[in-house]
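A single structure is presented below for examination.
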Amino acid sequence: MARERKVIEEATRRVLLKDFLVSQSARAGFGGLDIQRTPMGTRVTLICERPGILIGRRGELIKQLTQEIQNRFQLDNPQIEVQEERQPALNAQLMAEKLAATLERGWHFRRAGHSTVRRIMESGARGCQVILSGKLTGERHRTERFKQGMIKYCGEAALLQVEKGFYPARLKPGVIGVSVWIMRPNVRLSDEIRVKTRAEVPRLAPPPPVPPPAAVEPAAPLPPAAPEML
């Protein structure tokens, strides 16, 4: 049971670390997290919409955050790397946070959901789905889905090609769960086959000509054998 307990503790630590970084980088726009163990320590990669807010002047805020992570979660030599999200409309976690903020500002859930789907699809996504669950209009829990384009729900494509983000929206009637699923423009499914045109097929160079075989001169006749002496 020692190995199983260690796996559970490591997974719990990762979840708590993600929740802590989401709360700390709320103003910078949290877009994702990647944790890797290296021989030099633990490398934590943060994806943010505005990394300058998280780094601070001359890197002071990121140094404080690194020290706090090391003291609270007991990580081995943590190294935080902040990356900027170039396409925030195609980041599922960022869009879930933006949609939750829109609901907290008082937008109607249908208007907010359709607006988010339209913004994602205009950015070039192959498909997206927005799921809102909670007390949307009354005291009874309900779930609303807004979908456009192609979305995979099972199989390898759903695990590897669909990016998912979740963020809670805290309203007066209760908490609404906001889930955003996005299939990026460069996704290629295994069952999609594209036939190349003749112009796209590279032309192979013709093989070099084979030289004709050289003429073989006839061998000289052998001299007659001497008669044997009895």
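The values are calculated or read from the model by the stated rules, or taken from the named source; none is laboratory data. Values in this document were obtained by computation on a predicted structure and should not be read as measured data. Don't worry about glycine lacking a Cβ; one is built from the backbone with ideal geometry, like all the others, and counts go over all protein chains shown.
Quick check: is even one residue across segment 54-63 surrounded by 17 or more Cβ atoms within 10 Å (Cβ to Cβ) and not hydrophobic (A, V, I, L, M, F, W, C)?
no
Now for a separate question. Please go through (1) at pLDDT 90 or above; (2) in contact with a strand residue (DSSP E or B) (Cβ under 7 Å, 6 or more places away or on another chain); (3) closer than 26 Å to residue 26 by Cα for residue 107 and return the number of the only condition it doesn't satisfy.
(2)
Follow-up question, since we're still on this one. Here's a check for you: in segment 9-21, which residue that is without any contact (Cβ under 8 Å) to a residue 60 or more places away in the chain and either surrounded by 11 or more Cβ atoms within 10 Å (Cβ to Cβ) or of a type in the set (Phe, Trp, Tyr) (or both) is farthest from residue 55 (Cα to Cα)? So that I can check it myself, show each step before the final result.
Applying the first criterion (without any contact (Cβ under 8 Å) to a residue 60 or more places away in the chain) to segment 9-21 yields 9-12, 14-21.
Now drop any that are not either surrounded by 11 or more Cβ atoms within 10 Å (Cβ to Cβ) or of a type in the set (Phe, Trp, Tyr) (or both), which leaves 10, 14, 16-18, 20-21.
Values: 10: 27, 14: 21, 16: 21, 17: 18, 18: 17, 20: 16, 21: 13 Å.
Restricting to residues being without any contact (Cβ under 8 Å) to a residue 60 or more places away in the chain and either surrounded by 11 or more Cβ atoms within 10 Å (Cβ to Cβ) or of a type in the set (Phe, Trp, Tyr) (or both), the top hit is 10.
Scan segment 175-193 and give yes if some residue there is free of Cβ contacts under 8 Å to residues at least 60 places away in the same chain, over 11 Å from residue 126 (Cβ atoms) and assigned by TED's automatic domain parsing to the domain that holds residue 127, otherwise no.
For segment 175-193, residues free of Cβ contacts under 8 Å to residues at least 60 places away in the same chain, over 11 Å from residue 126 (Cβ atoms) and assigned by TED's automatic domain parsing to the domain that holds residue 127: present.
Looking at 156, 122, which one is under 28 Å from the mean Cα position of the chain (by Cα) and modelled with pLDDT under 90? Please lay out each step first, then the result.
Details: 122 fails: modelled with pLDDT under 90.
When all the criteria are applied, what remains is 156.
Restricting attention to segment 136-149, which residues are of a type in the set (A, V, I, L, M, F, W, C) and modelled with pLDDT of 90 or more?
Within segment 136-149, the first condition is being of a type in the set (A, V, I, L, M, F, W, C), and the residues that meet it are 136, 146.
Correct list: 146 only.
Is there any pair linking a residue in segment 49-73 that is closer than 15 Å to residue 22 by Cβ to one that is part of a helix (DSSP H, G or I) and basic (Lys, Arg), with Cβ under 6 Å and at least six apart or on different chains, and which?
Cβ pairs passing all conditions: 73/13.
If you don't mind, another one. Give the residues of segment 163-188 that are part of a loop (DSSP other than H, G, I, E, B) and either surrounded by fewer than 14 Cβ atoms within 10 Å (Cβ to Cβ) or polar (S, T, N, Q) (or both), sorted by residue number. Even if it seems obvious, please write down each step before you answer.
Applying the first criterion (part of a loop (DSSP other than H, G, I, E, B)) to segment 163-188 yields 171-174, 184-188.
Within segment 163-188, 172, 173, 174, 185, 186, 188 meet the criteria.
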